[in-house]
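Quick one: the structure is below, and I'll ask about it shortly.
Only the coordinates and a few stated rules stand behind these numbers; no lab work does. Every value quoted in this text rests on a predicted model; they were computed, and no experiment measured them. FYI the Cβ positions are ideal-geometry reconstructions off the backbone, even for glycines, and counts take in every protein chain you see.
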Amino acid sequence: MVIGEYIKSLRLVKNYSQRELAEFTGVSNSELSRIESGQRQNPSPLFLKSLAPYLDVSLEDLMKVAGYTSEVIPRGAFDDVVFRDENGNIIDSYRQKVQNILEKDEDLINILDRAIKKSSDNDIELIKKLLTGFTRGAMSQREKELLKVFISNLKIKQK
């Protein structure tokens, strides 16, 4: 099955319009349309990651249908899932994501680790929603500013 047809069939099962799915996932409606119509054949892993939870399908399934291959590489304490394109080039891996975070801000990994250890499942879902809002542009600049003020006030109360 072609990836566009597969995504469209999953979307229709969920009874979403293209516009609704685009809004839920933060992807471009026109990009979704191009992929579903077959005008674009190779959606990016990031695009597929955005869709997977809303279509109730695993990222690995979407990646396979899109023509990417995956392998699990043991890395000591964890297994790294590596996705490769049709030329065998690594296009996505857990290790790569962790490396990107470490290069940007080493403290972020430690903060996330502590947050996971000390948080309930509901709190973790809140953290994910907050971060997702930032990454998908789902928060207005005003909402971000209010959140910054709130966080600044939390720091003051901790002292």
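Hey, with R₀ at 22 Å, roughly what FRET efficiency would Ser30 and Thr132 work out to, going by the Cβ-Cβ distance, to 0.05?
0.55
Between Ala77 and Ser37, what is the label-point separation in nm under the 7 Å Cα-to-beta-carbon projection?
Inter-label distance under the simple model: 4.9 nm.
Are there trypsin sites (Lys or Arg not before Pro) in region 46-111 that DSSP puts in a loop and that have at most 15 other Cβ atoms within 10 Å, and which ones?
Arg75
Can you list residues from other chains, or at least 5 along the same chain, whose modelled amide H is less than 5 Å from the amide H of Ile91?
The answer is Phe83, Arg84, Asp85.
Which is farthest toward the positive dipole end of the chain among Leu59, Leu146, Phe83, measuring Cα position about the Cα centre, with Cβ charges +1 (Lys, Arg) and -1 (Asp, Glu)?
Result: Leu146.
With respect to the cross-link table entries Lys97/Lys117; Lys14/Lys117; Lys14/Lys148; Lys64/Lys118, which display a Cα-Cα separation exceeding 32 Å?
Table pairs above 32 Å Cα-Cα are Lys14/Lys117; Lys14/Lys148; Lys64/Lys118.
Determine the dipole magnitude for the chain: charges of +1 sit on the beta-carbon of Lys and Arg, -1 on that of Asp and Glu, nothing else is charged, the reference point is the Cα centre, and the result goes in debye to the nearest 20.
700 debye
Considering amide H positions built from the backbone, and no H for Pro or chain starts, which residues 5 or more places from Asp80, or on another chain, come under 5 Å of its amide H?
Under 5 Å from the amide H of Asp80 lie the amide H atoms of Ile73, Arg75, each far enough along the sequence or on another chain.
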